[in-house]
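Read-outs: derived from the displayed coordinates by stated rules, not from any lab. As the structure is a prediction and not an experimental result, all values here were calculated from the model. All Cβ positions, glycine included, derive from the backbone under ideal geometry; neighbour counts span all protein chains shown.
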Amino acid sequence: MRRLALVLLLLLCALPAAAERIVLGLSEDQVALTATFDGRDILIFGAVRREEGPPPEAAPLNVIVTVSGPMRPLTVRRAERRFGIWINASAVRVDQAPSFYAVATTRPLSEILSDTEDLRHSISIPRAIRAVGNEVIDRDSYIEALIRIRTEEGSYQMLEGGVTFTEQTLFRTRVTLPATLTEGRYATRIFLTREGAVVDTFETAISVRKVGIERWLFNLSRREPVQYGVLALLIALAAGWAASAAFQALRG
Amino acid sequence: MQLYLPIAEVSVNAILLLGLGGLVGLLSGMFGVGGGFLITPLLFLVGIPPAVAVATSANQIVASSFSAVLAHLRRRTVDIPMGLVLLAGGLVGSALGIGIFNALRARGQVDLLVTLSYVVFLGSVGSLMLWEALRTTLRERAGAPPQRRRHFWVHALPLKMRFRVSGLYISVIPPVVVGVAVGILSAIMGVGGGFILVPAMIYLLGMPTRVVVGTSTFQIIFVTAFSTLLHAITNGTVDILLALLLIVGGVIGAQAGARLGTRLRPERLRLLLALLVLAVCAQLALSLLLPPADPYSLDTGR
């Protein structure tokens, strides 16, 4: 903790002056998806840098941290009973939805962020999803279902009160990346708000990528699908032959 | 021990997958079936995306059936010409099956297709096997001699060909049709199709039981290999790492199963297999009939 404070102090000195600004650190800005990847905690910490003390009459500052995985299109389907069995009957196409999204705040989001600012910066989970759907009438229930399912599997996280903010200056939060992670750039944004309005923003990224054999296999399957398929078959044939030979030797 | 699968993009317990492979291998060793019809639904349960489960099972079956066919070749229980005729149909069927699979995947109905196919085929094959096993057991108790094979209508078709190992002189049309049907199933359900092929060869083509398993395994290698390749090329859904775990578990299980299998009487084995097939079928049928826990589902195109 003391070392962390020291790092922040150095950062504070190095930056140019402004009214109230965010200075940020990340416990890691690279996440490697290795064969043994099983989720990871990312520590996001920072400080508010000020020219002078906070304005005497001013309301307290609040901090919102968002981490967003790569945006991907997807389809939300709804099953209905038809001819006695349950089948997917209707669907809503979602143009862009983050594969992972976490919002951590100092206090309940509705108290520290106005709707207008949420709309402008796309901070809350529903705002982070962009959907156009004209296939069905009640598409809101599909977006709700998307959020519900992703929240249950830990891909969407609402961590109200998850940010510790000491002395209106030092803040830190911990975001848990789940085991099922999509490769890509995880945009990390920090918002400083006062009375619902955004005072300052800061943006950085955590890069999540497959490494080693995982990366090699994935790339091969996408770039050279024929070679990949042949490789899969050769491995299967070799394994089949090896098994047969090994057990024959055992019996013999 | 958690393992991150590069294509499925999920982290699963490696020991669990080895165990799954082992369990299915045990059953396949005991009953002489590929076990694809069990492994695919089990992979769904573990959380592998359906498309990856189907494609990877096909890959795993290549390994287990290749291993099995080597043993059959040593014992000369493979009718290669018959296998090739079945295969000609099988490759056509596999290509057709991939087409159907991809068309339905785009409409979000692939889960339904796969589950329905399982319910229909497991249900009918399971009931047939159960009936057959019970009848044999009853007849043996009564002391009656086993029934002789009769002449089939299929023997009247044109394009006759001689199959020496099977001791048959029949039209190539029925084996080709059987091959096409099994090819379609292989692509859609991620199975080898042994559980359809074996009864069809015995009851429809009238092949001697001695060469049935070897010949069906022979043709399954090629059909599943072709399905694997097509899935890899058109969908990129074959997960080599997942396949490898299943193969290792399956190989060990199969050898243990083969030992266990020799201690049980054949009718008893068939009865057990029939009950197992019907149990899987009932489980899948329930998933279609009962309301799902959440009527909504997400489709990310995998």
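Extension gain for A:Glu195-A:Asn219 works out to 3.9 nm (0.36 nm per residue, less the C-alpha to C-alpha distance).
Once you have a ≥ b ≥ c as the square roots of the Cα gyration tensor eigenvalues for region B:79-237, tell me rounded if a/c is under 1.5, and otherwise prolate or oblate according to whether a/b is larger than b/c. Oblate.
Per-residue ellipticity at 222 nm computed for chain B from its helices equals -24000 deg cm²/dmol, with DSSP H segments shorter than 4 residues left out and the rest contributing -39,500 (n - 2.57). Only Cα pairs under 8 Å and 6+ residues apart enter the sum, and on that basis the relative contact order of chain B stands at 39 percent.
Rounded to the nearest 10 degrees, the inclination of helix B:80-106 to the longest alpha-carbon principal axis of chain B is 30 degrees.
Between region A:27-95 and region B:231-264, how many Å separate their Cα centres? About 37 Å separates the Cα centre of region A:27-95 from the one of region B:231-264. Remark: spin-label model distance A:Arg148-B:Arg74 equals 5.7 nm, labels positioned 7 Å along the Cα→Cβ axis.
Taking only Cα atoms of region A:213-252, what ratio of Rg to Rh do you get with Rh as the Kirkwood inverse-distance radius? Taking Rh as the inverse mean 1/r over Cα pairs, Rg/Rh reads 1.24. Treating the angle as unsigned and between 0 and 90°, give the value, to the nearest 10°, between the Cα long axis of helix A:2-14 and the longest Cα principal axis of chain A. Value to nearest ten degrees: 70. Placing pseudo-labels 7 Å out from each Cα toward the beta carbon at A:Thr169 and A:Ser90 gives an inter-label distance of 5.6 nm.
Only the Cβ atoms of Lys and Arg (+1) and of Asp and Glu (-1) were treated as charged; on that basis the dipole of region A:60-198 about its Cα centre amounts to roughly 400 debye.
Relative to the longest principal Cα axis of chain B, at what angle does helix B:209-234 sit, 0 to 90 degrees, rounded to 10? Long axis of B:209-234 versus the principal axis of chain B: about 30 degrees.
Rounded to the nearest 0.05, what FRET efficiency do A:Thr182 and A:Ala58 give with R0 = 30 Å and r taken as the Cβ-Cβ distance? Could you check?
0.15
Modelled spin labels at A:Ser122 and A:Phe202, positioned 7 Å past Cα toward Cβ, are 2.3 nm from each other. Tell me, what is the percent relative contact order of region A:150-252, built from C-alpha pairs under 8 Å that lie six or more residues apart? 13 percent. Using equal-weight Cα scatterers in the Debye expression, the normalised intensity of chain B in log10 at q = 0.16 Å⁻¹ is -1.37. Considering only beta bridges that DSSP places wholly inside region A:77-204, some 75 percent are antiparallel.
Result for chain B in a Gaussian network model with C-alpha springs under 10 Å: among B:Pro291, B:Pro175, B:Pro41, the largest mean-square fluctuation is at B:Pro291.
Both numbers refer to the Cα atoms of the protein assembly as shown; Rg and Dmax are 29.4, 104 Å. For B:Val165, neighbours were defined as the other residues whose beta-carbon sits under 13 Å from its Cβ, and their charges (Lys and Arg +1, Asp and Glu -1) total +4.
For region B:1-92, the Kirkwood radius over C-alpha pairs fed into Stokes-Einstein at 37 °C and 0.692 mPa s yields D = 222 µm² per second. Plainly put, region B:150-241 has a radius of gyration that is 1.05 times its Kirkwood radius, both from alpha-carbon atoms, as the Rg/Rh ratio. The orientation-averaged shadow of the Cα convex hull for chain A, equal to a quarter of the hull surface, comes to 22.2 nm².
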